[in-house]
C-alpha cells in the first residue's frame, strides 16, 4: 500500500497566515471604522477574530489501481471572507480589513482539524485513520499486509490452514498451529493455555486482532490472537498453574514449560 500525506502542512499554515497578516497600520477610514469597536453595535474585535480564523481540515481519498490501494491525504482550507457592514470602508479589500484588525491587536489563528480514529481504526504514522478490521493492507496493525488478501477482525487468514482441526492440527511455526475461525477460514494461532481465553460465538465477540477459534483443543470456542501479531509469554499464559488438564489450544503444553 502506498501512503501519501501532505508533508508540508506547516508550509500551508504559514502561507495561509501570511496572506491574512497586516501590511502595516494605515490610519485610513478602514482602520478608523474597525477601531470604533467600543460601541455596542460595533463588535469589531469579535468580528476580526472570526475573520482571521482559518480552518485547515485533514481529509482522505482512497484509490485502488491494479490491486494497489493508495490513501491520499489532503488538506481543505476554509478562510472567512465576510466583512461586517460597519467596516464598509474596508469592503473593497480584505487585505485592508485584515490590516485594520491586526492594528487593533487581533492576530490570525489557524486551526488544524485531524479526524479522531473510531473503533476498528488506527492512525498510521500520524496519517489518516486506517481500517484494521478488514483491510488486508493494515490487518490488526499498521502495515501488516495479509498475503492471502483476507483480513478478519484484524487477523490474516491463512489458506494453507483450511480444514485443520483438533486431532489433526497442522503446524505453522514454533508453538503455532493451524486453526479455523468462526467464518470457516484457516489461520495460524499460538499454542497457549485455554484457561484464560475468552468464550465466543462469532469473531465480533473478540477484541481487534483476535478471531473466534472453533477448531482448537479447548473444548469450547475461544478468542485467539494470530502467531504473527502475538507478543506473548507461554509461561505467563499458563496463569501460574501447571495443571496439564487445563487444556491447550494445540492439545498439549509446549515442552519448553516443563
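Rundown of residues vs (1) in contact with a helix residue (DSSP H, G or I) (Cβ under 7 Å, 6 or more places away or on another chain); (2) farther than 30 Å from residue 219 by Cβ, yes/no style:
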{"position": "89", "(1), (2)": "yes, yes"}
{"position": "108", "(1), (2)": "yes, yes"}
{"position": "113", "(1), (2)": "no, yes"}
{"position": "117", "(1), (2)": "no, yes"}
{"position": "128", "(1), (2)": "no, yes"}
{"position": "166", "(1), (2)": "no, no"}
Report task. Please state which one of 18, 36, 87 is part of a helix (DSSP H, G or I), at pLDDT 85 or above and at negative phi. Result -> 87
Query - Test: residue in the range 150-157 that is closer than 17 Å to residue 211 by Cα, surrounded by fewer than 23 Cβ atoms within 10 Å (Cβ to Cβ) and without any contact (Cβ under 8 Å) to a residue 40 or more places away in the chain - result: yes
Report summary line: Out of (1) in a strand (DSSP E or B); (2) crowded, with 20+ Cβ neighbours inside 10 Å, the one residue 111 does not meet is (2)
Report summary line: Given (1) modelled with pLDDT of 85 or more; (2) assigned by TED's automatic domain parsing to the domain that holds residue 220; (3) surrounded by 16 or more Cβ atoms within 10 Å (Cβ to Cβ); (4) in contact with a helix residue (DSSP H, G or I) (Cβ under 9 Å, 6 or more places away or on another chain), residue 176 misses just (4)
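The values are calculated or read from the model by the stated rules, or taken from the named source; none is laboratory data. Bear in mind that the values here come from a model prediction, so they are computed numbers and not experimental data. Cβ coordinates were reconstructed from backbone atoms using ideal geometry, including for glycine residues, and neighbour counts include every protein chain displayed.
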